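Shown next, in structure tokens, is the structure this report addresses.
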Amino acid sequence: MPWSLVVLPTITADLAAAMMTLTRLPVPASWPSGAPRSEGLWAFSFVGLLVGAIGGGVLGLGHMLGLPPGLAALAAIVATMLATGALHEDGLADFVDGVGGGRTRERKLEIMRDSRIGVYGALALGVSLLWRWSALSAIADPADAVTALIIAHTGARALMGLPLAVLAPARTDGVAASLGAPDAMNCLAVAALPALLMIWAWGWSAFPVMIVALLGVAAVTALAHHYLAGYTGDALGASQQVAEMAILAAALGTQAVR
């Protein structure tokens, strides 16, 4: 059997599953679809690259049209939220509400499933939006800002693999529980694309950026372990948001972008 007939359906299935899980973007009808799997974790970073490219395109267009940097950055963030249906922002808000409220693990999980947003979640969401907007607005060169945004989205989706790798599902139901634990090769595969992009764009300055982003997601993972005894979809969303904020801030703070 030709190689393409064996491998290509698997590649498109993994990409389709990642797109349907992480975004609201349309998936070609010819692509096979199904639940995401740990072996397809590599596709998360490519979906992040796509979302980042959408935001980067809007950011670049805003600068070309002469918009103030703050307004162009806001338009770019809105574009990424439209592409994802604000899925990760919702996850961050629910995760912080759950961790901050409820005395027992069961109550925290119950709060996280409540569609209403609480004070903790609203504050976390506000911090995330203001943080990302401030970082993008502070990057003077439009090309550097576009590069930082694309890499931030790519790397943040890749780092969602950390909670999957070290924690068990906190619930037995839900899409996140069906992912399973990725092995070391899956984790390396998903990290390869953002690592290469960072090194290509920022050289040696990429390494402190990687470390800061990894520490941010490690903190979310530790909270999920302590309070929930495992990960949930909301914990994965919170990981993405924290990683995106960390990459933008670290890139700016280390003068990786100018």
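Contour minus end-to-end for GLU110 and SER205, with contour as 0.36 nm per residue of separation and end-to-end as the Cα-Cα distance?
30.0 nm
For labels at LEU65 and GLU39 in the simple 7 Å Cα→Cβ model, what's the distance in nm?
Those two pseudo-labels are separated by 4.5 nm.
In what order, largest first, do LEU61, LEU129 sit by accessible area if the probe radius is 1.4 Å?
My answer, sorted largest first, is LEU61, LEU129.
How high is the relative contact order of the chain, in percent, with contacts defined as C-alpha pairs under 8 Å that are six or more residues apart?
It rounds to 25 percent for the chain.
Between TYR231 and residues 5 or more places away or on another chain, which pairs have amide H atoms under 5 Å apart, with H built 1.01 Å from N, and which residues are they?
Amide H neighbours of TYR231, under 5 Å, 5+ apart: ALA168, ALA170.
Take each of the peptides 100-108, 66-74, average the number of other beta-carbon atoms within 10 Å over its residues, and list them starting from the highest.
Averaged packing, sorted descending, gives the order 66-74, 100-108.
Determine the relative contact order of segment 40-115: mean sequence separation of Cα pairs under 8 Å and six or more apart, normalised by residue count, in whole percent.
Value for segment 40-115: 22 percent.
With +1 on each Lys and Arg Cβ and -1 on each Asp and Glu Cβ, how big is the dipole of segment 1-151 about its Cα centre, in debye rounded to the nearest 20?
300 debye
Given the Cα-Cα distance of ASP173 and ARG24 and 0.36 nm per residue of separation, how much length would full extension add, in nm?
Contour length minus Cα-Cα distance gives 51.5 nm.
Step through the residues of segment 142-154 one at a time and calculate ³J(HN,Hα) from phi using the Karplus curve (6.51 cos²θ - 1.76 cosθ + 1.60, θ = phi - 60°), rounding each to whole Hz and writing x for Gly and Pro.
Once rounded to whole Hz, the list reads x, 5, 5, 5, 4, 4, 4, 5, 4, 5, 4, 5, 5.
Divide by every residue of the chain the summed helix terms, -39500 (n - 2.57) for each DSSP H run of at least 4, and state the resulting mean residue ellipticity at 222 nm, rounded to the nearest 500 deg cm²/dmol.
-24500 deg cm²/dmol
With +1 on each Lys and Arg Cβ and -1 on each Asp and Glu Cβ, how big is the dipole of the chain about its Cα centre, in debye rounded to the nearest 20?
With only Lys, Arg, Asp and Glu charged at Cβ, the dipole is about 180 debye.
So how do HIS225, HIS88, HIS63 rank on accessible area, 1.4 Å probe, biggest first, that is with the largest at the start?
Descending order: HIS225, HIS63, HIS88.
In whole Å, what is the distance between the alpha-carbon centres of segment 118-175 and segment 178-213?
Using only Cα atoms to place each centre, the spacing works out to 14 Å.
If you filter segment 32-104 for chymotrypsin sites (Phe, Trp or Tyr not before Pro), then keep DSSP loop positions with at most 12 other Cβ within 10 Å, what is left?
Listed in order of number, the matching sites amount to none.
Rolling a 1.4 angstrom probe over the protein chains, ignoring ligands and nucleic acids, what is the accessible area of ASP173 in square angstrom, nearest 10?
About 80 Å², ignoring ligands and nucleic acids.
The values are calculated or read from the model by the stated rules, or taken from the named source; none is laboratory data. Please read these numbers as outputs of a predicted model, since none were measured by experiment. Cβ coordinates were reconstructed from backbone atoms using ideal geometry, including for glycine residues, and neighbour counts include every protein chain displayed. Remember, those area values only see protein heavy atoms, side chains included, never the ligands or the DNA or RNA. Shrake-Rupley method; radii C 1.70, N 1.55, O 1.52, S 1.80 Å.
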